[in-house]
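K.L.:
Okay, here's the structure, questions in a sec.
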Amino acid sequence: MTKVEEMWATLLAYLPQAIANRHGDSWAKMCSEKTTDAAYDAYRAAYSAGDAPAAYATGEAYDACRAAYFAGDVTLWAQVAINAIKEALAQQEPKPNTTRPCRSCGGTGLRDTGIGEAPTAICKPCDGTGQIAIAAQPEQELDWMKMDNEDEQMLADRDMGDN
């Protein structure tokens with residue numbers, strides 16, 4: 001079981017208590033959908049499950065709020081990572097293979113043997129083609145920490161929900 005799977009299983013185990021504390025619907029939705037929005041909704045519901053400041057001050061309500069909030073962060077950052085990986089994979093289109101002249105034969109495909117009866121032989125490094133293939137290279141380095149506008153909007157939406 002991965003740590004993320006363990007997190008969702010632990011959050012689901014709290015569901016009976018969440019129902020008893022009047023925020024079970026949003027908690028059940030968070031545990032089934034496993035989305036950032038559902039987790040932040042569960043956070044807000046746990047916070048306002050009664051007299052908000054008093055409920056939040058008790059250990060159980062406080063822990064439930066923190067758990068839902070952190071679950072939202074996990075799903076948010078997981079989505080940011082998924083977006084970055086998909087973008088990186090899309091950018092990895094290699095340059096077409098190119099060639100350069102063979103240095104051993106000077107691009108002729110033949111080498112001098114120094115033997116009078118057979119003055120030339122096929123160049124072994126280029127197999128007589130006179131060209132050496134240059135392997136394809138990705139065009140640019142990948143910037144793993146770069147966030148695009150969609151990722152920044154997801155973070156802004158998360159922070160706006162906290163107010």
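K.L.:
Taking THR58 as the residue in question, decide whether it is modelled with pLDDT under 70, assigned by TED's automatic domain parsing to the domain that holds TRP8 and β-branched (Val, Ile, Thr). Working first, answer last.
P.N.:
Working: modelled with pLDDT under 70: yes; assigned by TED's automatic domain parsing to the domain that holds TRP8: yes; β-branched (Val, Ile, Thr): yes.
Answer is yes for this residue.
K.L.:
Okay, next question. Within segment 6-40, work out how many residues are closer than 25 Å to ILE82 by Cα and either touching a residue at least 60 places away in the same chain (Cβ under 8 Å) or of a type outside the set (Gly, Ala, Ser) (or both).
P.N.:
16
K.L.:
Name every residue in segment 107-120 that is among the aliphatic types (A, V, I, L, M) and at pLDDT 85 or above, in order of residue number.
P.N.:
Across segment 107-120, the qualifying residue is only LEU110.
K.L.:
For LYS29, only one of the following conditions fails: (1) modelled with pLDDT under 85; (2) part of a helix (DSSP H, G or I). What is its number?
P.N.:
The number of the failed condition is (1).
The values are calculated or read from the model by the stated rules, or taken from the named source; none is laboratory data. Predicted model only: the values in this text are computed from it and were never measured. Glycine also receives a Cβ, built like all others from the backbone with ideal geometry; neighbour counts cover every protein chain displayed.
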